[in-house]
Amino acid sequence: MGLFYEEFEIDRELLTQARTITEADIVAFAGLSGDYNLVHTDETFAASTPFGTRIAHGPLGLSVAIGLLSRLNVLDDTALALLELGWQFKAPIRIGDTVRVRAKAFEKRETRHVERGIVKLRLEVINQQDETVQEGTMTVMLRRRPAE
């Protein structure tokens with residue numbers, strides 16, 4: 001069971017496990033999304049770009065970040081809806097990069113419905129060199145702890 005609205009503490013840091021981004025991840029994401037941009041799928045082309053090699057799709061990094069956060073079991077069975085995302089792509093994620101997510105709740109508010117509340121999280125995707133490659137905010141509607 002994930003954390004209820006009341007259990008999210010402002011500025012408490014959560015750190016996920018790490019995950020290495022593979023070529024298979026990029027190929028699968030291209031197929032799923034239909035985004036076959038050459039910077040993701042053609043090594044010869046990508047070598048001629050400022051990145052020097054193929055890079056992961058930006059939304060792939062965001063998706064991995066949400067997946068890593070879910071592995072902390074903080075949103076399981078308590079998250080009702082993802083309401084908003086605000087996201088910045090700071091640096092490329094390359095094949096072989098290992099990323100993890102640092103998350104902190106920075107705002108909470110009750111709703112007019114006593115059974116739910118809103119939590120805003122700040123997420124930072126960090127690579128193996130502790131560089132921030134992506135960051136942003138996520139607003140989630142959560143269950144409130146049931147009255148006993």
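The values are calculated or read from the model by the stated rules, or taken from the named source; none is laboratory data. Everything numeric in this text was worked out from a predicted model, so none of it was measured. FYI the Cβ positions are ideal-geometry reconstructions off the backbone, even for glycines, and counts take in every protein chain you see. Accessible surface areas use protein heavy atoms only, side chains included; no ligands, DNA or RNA. Shrake-Rupley method; radii C 1.70, N 1.55, O 1.52, S 1.80 Å.
What the table shows:
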{"read-out": "Inter-label distance, nm, simple model (7 Å from Cα along the C-beta direction), residue 38/residue 6", "value": "5.8"}
{"read-out": "Vicinal HN-Hα couplings computed from phi for segment 122-127 (Karplus, 6.51 cos²θ - 1.76 cosθ + 1.60; Hz; Gly/Pro x)", "value": "9, 10, 10, 8, 10, 8"}
{"read-out": "Contact order relative to length of segment 1-87, as percent, for alpha carbon pairs under 8 angstrom and 6 or more apart", "value": "42"}
{"read-out": "Span from the segment 77-140 Cα centroid across to the segment 1-68 one, whole angstrom", "value": "13"}
{"read-out": "Total charge dipole magnitude, the chain, about the Cα centre, Cβ charges on Lys, Arg, Asp, Glu only, Debye to nearest 20", "value": "320"}
{"read-out": "For the chain, built as a Gaussian network whose Cα springs stay under 10 Å, the top-fluctuating residue of 105, 81, 18", "value": "81"}
{"read-out": "Relative contact order (percent, whole number), segment 65-142, Cα cutoff 8 Å, 6+ residue spacing", "value": "38"}
{"read-out": "Solvent-free Debye scattering, log10 I(q)/I(0), computed from the Cα coordinates of segment 52-147 at q = 0.22, 0.23 Å⁻¹", "value": "-1.09, -1.16"}
{"read-out": "Whole-Hz couplings from phi, Karplus 6.51/-1.76/1.60, listed for segment 94-107; x for Gly and Pro", "value": "9, 4, x, 5, 10, 10, 9, 10, 9, 10, 9, 6, 10, 7"}
{"read-out": "Relative contact order, percent, segment 4-148 [alpha-carbon distance under 8 Å, six or more residues apart]", "value": "31"}
{"read-out": "Span per principal axis, largest first, for the Cα atoms of segment 1-122 (Å)", "value": "56, 25, 23"}
{"read-out": "Packing-based ranking, highest mean first, of 26-38, 132-144 given that Cβ atoms within 10 Å are counted", "value": "132-144, 26-38"}
{"read-out": "Cα→Cβ-extended label distance, 7 Å offset, between residue 104 and residue 49, nm", "value": "3.2"}
{"read-out": "Accessible-area composition of segment 1-100, carbon plus sulfur, in percent [1.4 Å probe]", "value": "54"}
{"read-out": "Amide hydrogen neighbours beyond the local backbone of residue 145, cut-off 5 Å, H modeled", "value": "5, 6"}
{"read-out": "3J(HN,Hα) from dihedral phi, segment 60-73, Karplus parametrisation 6.51/-1.76/1.60, rounded to Hz, x for glycine, proline", "value": "5, x, 4, 5, 5, 4, 5, x, 4, 4, 5, 5, 7, 6"}
